[in-house]
Amino acid sequence: MRFFTKQWLIVILIAIATCNATAKTAKEIIVTSPDGKAIIRLDYSAGLKVSVDYLNKQVMSPSPVSMSISEHPEAFQNPVRGKVITRKVNSEIIPVVAEKRNRIIDLYNETEIWFKGNYGIKLRAYNDGVAWRLLTRFADSITVNNEQVVLNMAAADSVYYGDEDNFISHSERFYTCRQAGSIKGNQMGILPAVFRKANGSIAAFTESDLLDYPGLYLLGSDKGDGSFSGTYPKVVDHMNPKGDRDYGIESRKNYIARTRGTREFPWRAFGLAENEARLLENDITYRLGSPCKLKETSWIKPGKVAWDWWNDWNIAGVPFKAGINTETYKYYIDFASKNKLEYVIFDEGWSKPEDLEKINPDMDMDALFAYAKSKNVGIILWVTGRALEEKFESSFEKFSKWGCVGVKVDFLCRDDQAMVNFYERVAVTAAKYHMLADFHGSYKPTGLSRTYPNALTREGVKGLENVKWSKQITPAHDCTLPFTRMFAGTMDYTPGAMHNENEKTFTINYSAPMSMGTRCHEMAKYVVFESPLQMLCDNPTNYLKEPECLSFIAGVPVTWDDTRCINASVSKYVTVARKHNNEWYIGSMTDFTARNFEIPLSFLEDGNYQVTVFEDGLNAERRAEDYAVKTFTVTSKSILPVKLAAGGGFVCRITRL
């Protein structure tokens with residue numbers, strides 16, 4: 001596959017400050033989206049303040065933006081306007097890996113404003129969002145003490161907010177809904193933060209194009225006015241190894257970044273939507289990422305993975321002792337090959353977590369890689385970020401010689417400047433060896449998958465691994481993620497449990513885990529959740545007992561030509577239709593409320609289609625694994641009935657006849 005941008009229309013208008021007397025007198029710059037629905041304003045009468053409107057309603061009242069730079073303390077103070085550059089862009093992005101769609105319309109209006117003293121700001125307005133980023137143009141490197149980000153939202157706004165208590169974090173948080181004015185100044189939250197306005201419209205705030213800079217978090221306000229301010233992890237000064245996989249941070253510097261003096265800083269962005277369904281279709285984080293930096297990408301291969309760790313290597317009915325050993329992994333490889341799964345992960349245990357050269361003596365790595373190659377299955381190796389960092393280049397060289405096709409880098413747990421740079425270094429080096437990257441214990445996506453499309457997915461999500469020790473991964477949580485964490489980008493939730501239980505019968509079992517919700521709820525995740533590297537988390541023994549379900553989920557694509565949200569209510573229900581080649585897939589999930597839907601199939605082209613439906617069985621509310629399979633013919637004029645049990649789901653494949 002190749003990355004390219006085909007421009008339909010790019011009009012660049014350069015305006016010098018003296019040319020626009022009205023704007024100069026008012027000290028205001030207004031950028032309106034092509035359809036006129038979204039507006040971002042800059043007021044520079046006293047410092048810089050940004051405000052946002054959508055659908056003729058205020059989303060964010062004027063909010064200060066600035067940056068404190070040690071070497072240039074005058075920057076972003078007392079602005080005197082200089083050059084203004086206005087762009088109208090109507091172009092098309094063809095993504096290397098099609099996460100939501102294979103053709104992305106990149107339609108926006110943009111204004112770049114420079115001020116005396118070599119600093120500036122860029123404003124951009126899309127039909128479905130707005131964004132701003134700060135700019136500097138200094139000859140030498142700079143020390144950024146802080147970047148001021150303020151969101152003056154309304155106190156009555158509701159917000160899905162992921163509480164965070166530490167800059168050392170796996171970013172696996174629950175998004176709970178509350179009034180914006182109730183969040184205090186000591187309550188830190190991860191991004192995205194998803195606001196619902198009084199008129200029902202949605203404003204999801206996040207950042208994109210995060211490179212050589214720390215990640216952004218939010219703090220509430222003790223004023224109770226619905227305002228939020230940004231905060232960042234400062235540069236690490238000193239750290240020591242902690243346990244067999246982490247670092248303990250001993251001290252930090254008093255600044256957030258030491259970086260190039262001439263650069264564009266990360267985008268601060270709102271995805272804007274009339275309702276939840278339109279938000280799920282929004283890919284503004286991807287669009288704002290830097291274009292692909294890889295010259296050749298044809299080797300990048302999305303796919304599915306037979307995963308080991310979640311199921312604790314608990315296979316049965318085999319003539320060998322199951323565990324982290326050569327025989328067990330040959331079995332996983334055989335399973336993947338037979339079911340046309342592209343990959344197997346060797347998770348924790350193939351080596352010492354702290355030392356990638358200390359290989360488990362029960363693992364014949366040379367034999368396993370040779371066997372996998374003979375079966376046309378790729379091997380992805382789990383590593384800790386610490387172990388990889390300590391032997392970075394030599395590890396990649398060894399993995400390449402074995403024939404490794406990807407790395408799953410875990411226990412990263414930070415997004416200070418050094419760690420953000422580590423992500424980029426992993427993506428670049430992995431690409432050099434034609435390897436994929438899957439980041440775990442990670443921060444949220446920020447457009448890196450556009451810049452380095454071999455970085456297929458990442459965790460940073462409260463996913464299915466948590467059922468091994470928690471009862472909190474509920475159907476309501478599953479129905480929240482598509483509008484919160486997934487707004488930022490793809491997520492390695494790791495679905496696929498074949499042991500399914502309802503709320504009353506669910507139990508915690510680390511070694512033989514189960515999911516909460518029905519079988520069809522679990523299967524629907526393969527359509528609803530986006531990840532171009534998608535896990536089958538359960539063990540082969542359990543899948544082989546369920547050939548119908550295995551055949552279906554093994555065949556669900558991991559990349560999509562088109563995505564349409566049919567209906568949605570955050571934390572309650574979601575129905576998504578996605579197209580791949582000539583087939584459509586529909587996935588629907590509900591919380592613990594049973595629901596009935598009717599789905600018009602008007603998105604289909606003319607002709608006859610065969611539908612294969614997996615739906616909750618008549619007794620699914622008693623026994624969650626109960627399901628029914630139906631096959632029938634439909635057209636674009638058909639109405640598809642969907643009946644969801646409590647905690648239930650629905651999934652189907654629609655194929656042209």
For this session: Considering only region 589-611, state which residues are open to solvent by 20 Å² or more (accessible area, probe 1.4 Å) and part of a strand (DSSP E or B).
Result: 595, 596, 597, 598, 600, 610
Exercise. From the residues in region 412-457 that are open to solvent by less than 10 Å² (accessible area, probe 1.4 Å) and of a type in the set (D, E, K, R), which one is farthest from residue 483 (Cα to Cα)?
Worked result: 416
Exercise. Which condition does residue 562 not pass, out of (1) over 21 Å from residue 332 (Cβ atoms); (2) among the charged types (D, E, K, R); (3) open to solvent by less than 10 Å² (accessible area, probe 1.4 Å), if it passes all the others?
Worked result: (3)
Exercise. Across region 618-642, what is the total count of residues that are touching a Lys or Arg at 6+ places or on another chain (Cβ under 8 Å) and either open to solvent by 80 Å² or more (accessible area, probe 1.4 Å) or in a loop (DSSP other than H, G, I, E, B) (or both)?
Worked result: 4
For this session: Answer yes or no as to whether residue 541 is part of a helix (DSSP H, G or I), open to solvent by 10 Å² or more (accessible area, probe 1.4 Å) and either closer than 24 Å to residue 281 by Cβ or out of contact with any Pro (no Cβ under 8 Å at 6 or more places or on another chain) (or both).
Result: yes
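When the residues of region 99-139 are narrowed to those that are in contact with a helix residue (DSSP H, G or I) (Cβ under 7 Å, 6 or more places away or on another chain) and in a strand (DSSP E or B), which ends up farthest from residue 269 (Cα to Cα)?
So, considering only residues that are in contact with a helix residue (DSSP H, G or I) (Cβ under 7 Å, 6 or more places away or on another chain) and in a strand (DSSP E or B), the one farthest from residue 269 (Cα to Cα) is 104.
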Exercise. Consider residue 198 against the criteria (1) open to solvent by 30 Å² or more (accessible area, probe 1.4 Å); (2) out of contact with any Phe, Trp or Tyr (no Cβ under 8 Å at 6 or more places or on another chain); (3) in a loop (DSSP other than H, G, I, E, B); (4) at pLDDT 95 or above: it satisfies all of them except one. Which criterion is unmet?
Worked result: (4)
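So, residue 407, is that one of a type in the set (A, V, I, L, M, F, W, C), open to solvent by 10 Å² or more (accessible area, probe 1.4 Å) and over 27 Å from residue 165 (Cβ atoms) or not?
no
One line per residue, one yes/no per condition, for (1) of a type in the set (Asp, Glu); (2) part of a strand (DSSP E or B); (3) on the phi > 0 side of the Ramachandran plot:
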| residue | (1), (2), (3) |
| --- | --- |
| 348 | yes, no, no |
| 357 | yes, yes, no |
| 362 | yes, no, no |
| 366 | yes, no, no |
| 381 | no, yes, no |
| 387 | no, no, no |
| 396 | no, no, no |
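Can you find even one residue in region 160-183 that is under 20 Å from residue 64 (Cβ atoms), in a loop (DSSP other than H, G, I, E, B) and among the β-branched types (Val, Ile, Thr)? So that I can check it myself, show each step before the final result.
Going through region 160-183, the residues under 20 Å from residue 64 (Cβ atoms) turn out to be 180-181, 183.
Subsequent filtering for residues that are in a loop (DSSP other than H, G, I, E, B) retains 183.
Cutting the leftovers down to among the β-branched types (Val, Ile, Thr) gives us 183.
Yes; the residues of region 160-183 include at least one that is under 20 Å from residue 64 (Cβ atoms), in a loop (DSSP other than H, G, I, E, B) and among the β-branched types (Val, Ile, Thr).
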Exercise. In region 144-200, how many are among the aromatic types (Phe, Trp, Tyr) and out of contact with any strand residue (DSSP E or B) (no Cβ under 6 Å at 6 or more places or on another chain)?
Worked result: 2
Exercise. When both residues are 6+ apart or on different chains and their Cβ atoms are under 8 Å apart, which pairs have a first residue that lies in region 480-504 and is farther than 17 Å from residue 527 by Cβ, and a second that is of a type in the set (Val, Ile, Thr) and not in a loop (DSSP other than H, G, I, E, B)?
Worked result: 484/194; 487/194; 487/206; 487/285; 488/206; 488/285; 489/285
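The values are calculated or read from the model by the stated rules, or taken from the named source; none is laboratory data. Since we're looking at a predicted model, the values are computed, not measured. As a convention, Cβ positions derive from the backbone with ideal geometry for all residues, glycine included, and neighbour counts pool all protein chains shown. For the accessible areas, the whole protein counts, side chains as well, though only heavy atoms, and no ligand, DNA or RNA atoms are used. Shrake-Rupley method; radii C 1.70, N 1.55, O 1.52, S 1.80 Å.
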